[in-house]
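See structure below.
The values are calculated or read from the model by the stated rules, or taken from the named source; none is laboratory data. This one's a predicted model, so the numbers in the text were calculated from it and none came from an experiment. Backbone-built Cβ (ideal geometry, glycine too); neighbour counts: all protein chains shown. All accessible areas refer to the heavy atoms of the entire protein, side chains included, with ligands and DNA or RNA removed. Shrake-Rupley method; radii C 1.70, N 1.55, O 1.52, S 1.80 Å.
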Amino acid sequence: SFPTRRSSDLAPSATPRPAGQPKIQIRGLKKSFGRKVVLDGLDLDIGAGDSVVIIGGSGSGKSVLLKCILGLLHPDGGSILVDGEEVVGARGGKLDAIRRKFGMLFQYAALFDSLTVWRNVAFGLINAEGMAPAEAKKIALTKLGQVGLGPEVAELYPAELSGGMKKRVGLARAIATEPEVIFFDEPTTGLDPIMGHVIDNLIVACVEQLGATALSITHDMASARRISKRMAMLYQGKLIWQGPTRDIDRSGNAYVEQFINGRAEGPIQMQVQDHFG
């Protein structure tokens, strides 16, 4: 099981979250690239311990939303609060303190090819927290075990791993620092349906054992249903529906119904070039 995070482990600048305040609170978030409006006044609350999945088509702005929360992109307007601390405009030590609460599983695992598996998992422990490599390796081996990988994998390099193994290593790295919030970017991309199901089960188990808050983005509806407690659909820069996962099949929203059922016909019109005359 995962050790309980001690209050002393928190960054000195961290402040207690008032009762009832969302872990992440987004209000009026806007982001454009030239004339292309990607986020258009988006509002979202994510409670502590919640697992929310943002669904939406390719290019709908899901990744832009994640990057804004992570402080990798600067929004054009709006507010992003994490435990009441403003991300928008945060710099230096303040932004670093917020980011120390985060873990991330990237779409294609994003492992460092030149590092062994255990050093990939321990990267944040060694480079962000200044932990001694020997101690970090022990934690890395423990985390690898929690995602179903044995110690023999630790000395391999990413090129020697299958796609499913890379995802597991990426998940082990995401939980290595015992983050309070974990982001999942298209966690089943590139996996067959069976391995996708395995990864989803591991995600649910790891999030629950840590007591973490999770925000995922995906267009894989099978995965979204398995890993979420709540879903929200992003379309034309706004969340057009959000609610408990169990309610999505009776959303009453024509855009949501078209998307979750994968129908070509409906209010969402895809631009398809006809090459056949």
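Scan the range 153-164 and give yes if some residue there is touching an Asp or Glu at 6+ places or on another chain (Cβ under 8 Å) and aromatic (Phe, Trp, Tyr), otherwise no.
Taking every residue of the range 153-164 in turn, at least one turns out to be touching an Asp or Glu at 6+ places or on another chain (Cβ under 8 Å) and aromatic (Phe, Trp, Tyr).
Return the residues of the range 21-52 that are open to solvent by 30 Å² or more (accessible area, probe 1.4 Å), more than 18 Å from the chain's Cα centre (by Cα) and of a type outside the set (Gly, Ala, Ser); say none if nothing qualifies.
Gln21, Arg27, Lys30, Phe33, Arg35, Lys36, Val37, Asp40
Residue by residue through the range 150-180, note down the ones that are open to solvent by less than 50 Å² (accessible area, probe 1.4 Å), under 13 Å from Ala109 (Cβ atoms) and either in a loop (DSSP other than H, G, I, E, B) or among the β-branched types (Val, Ile, Thr) (or both).
Answer for the range 150-180, where residues must be open to solvent by less than 50 Å² (accessible area, probe 1.4 Å), under 13 Å from Ala109 (Cβ atoms) and either in a loop (DSSP other than H, G, I, E, B) or among the β-branched types (Val, Ile, Thr) (or both): Leu161, Val169.
Would you confirm, using the coordinates I've provided, whether Leu141 is closer than 26 Å to Asp83 by Cβ, crowded, with 18+ Cβ neighbours inside 10 Å and more than 18 Å from the chain's Cα centre (by Cα)?
On the way: closer than 26 Å to Asp83 by Cβ: no; crowded, with 18+ Cβ neighbours inside 10 Å: yes; more than 18 Å from the chain's Cα centre (by Cα): yes.
The answer is no for Leu141.
Residues being outside any loop (DSSP other than H, G, I, E, B) and either open to solvent by 20 Å² or more (accessible area, probe 1.4 Å) or within 20 Å of Lys229 (Cα to Cα) (or both): count how many of those fall in the range 53-68.
Adding up the residues that qualify gives 9.
What's the number of the condition Ile80 fails, among (1) open to solvent by less than 10 Å² (accessible area, probe 1.4 Å); (2) out of contact with any Cys (no Cβ under 7 Å at 6 or more places or on another chain); (3) among the hydrophobic types (A, V, I, L, M, F, W, C)?
(2)
Just the residues that are among the polar types (S, T, N, Q) and open to solvent by 10 Å² or more (accessible area, probe 1.4 Å), please, taken from the range 201-215.
Asn201, Gln209, listed by residue number.
Scan the range 90-138 for residues that are surrounded by 14 or more Cβ atoms within 10 Å (Cβ to Cβ), part of a loop (DSSP other than H, G, I, E, B) and under 22 Å from the mean Cα position of the chain (by Cα) and jot them down.
Ala90, Arg100, Lys101, Phe106, Gln107, Ala109, Ala110, Leu111, Ala122
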